């Protein structure tokens, strides 16, 4: 068994234990020879508005129903977003709508974690099935730029922790080389994020500016 194969087996054991410890957040995990698919719940993220655009979003839930913004796991102060949108509209010489609800929030996601051929010398790659609205997520294929600096000791738990922080806009990398949705740099605000029960000492909750590179 190669180093890569041993590490992937170990990562699967770690992931299985994480799912067992957090069934409400990680209800389902699947694997292939070189990738794990992880279902995440209670992981709020901003999403592009259905049939709309980033500058005129509205609040909604994962199933597309309109809500008041108090989704489970994430609360948005509606007035802040309304004021921000009004300011942006005024700058363009337009009129803000009387009732502006805010962004679409989704709390359920499917994420595929791929182990490249030269893992662990190359980092784990993350692909979000329904790309979220974040500067470091590719809107075409859902690729999420997780790592500011690669460390071969990083585990699947580290990847999941950072993915959830990223989706909730609690971390970002503003380096132009890593920005794939520029509007998300200004429009989106952090969301409340239910914590994972971390049992693995190698997985450290990143600080809010751990991936900042302004």
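Derivation of every value follows stated rules applied to the coordinates shown; laboratory data play no part. This is a predicted model, so every value here is computed, not measured. Every residue, glycine among them, receives a Cβ derived from its backbone with ideal geometry; neighbour counts consider all protein chains shown.
State whether the range 117-202 is rounded, prolate or oblate according to the following rule on the C-alpha gyration tensor (a ≥ b ≥ c being the square roots of its eigenvalues): a/c under 1.5 gives rounded; otherwise a/b larger than b/c gives prolate, and the remaining case gives oblate. Oblate shape, in that a/c is at least 1.5 and b/c is the bigger or equal ratio. Once the C-beta distance of residue 35 and residue 186 is scaled by a Förster radius of 35 Å, the resulting FRET efficiency is 0.60 to the nearest 0.05. Per-peptide packing, taken as the mean over residues of other Cβ atoms within 10 Å, places 26-34, 154-162 in the sequence 154-162, 26-34 from highest down.
For the range 110-167, the equivalent ellipsoid derived from the alpha-carbon gyration tensor has semi-axes of 19, 12, 10 Å in decreasing order.
Taking the average, over residues, of other Cβ atoms within 10 Å as the packing measure, peptides 109-121, 131-143 rank 131-143, 109-121 from highest down.
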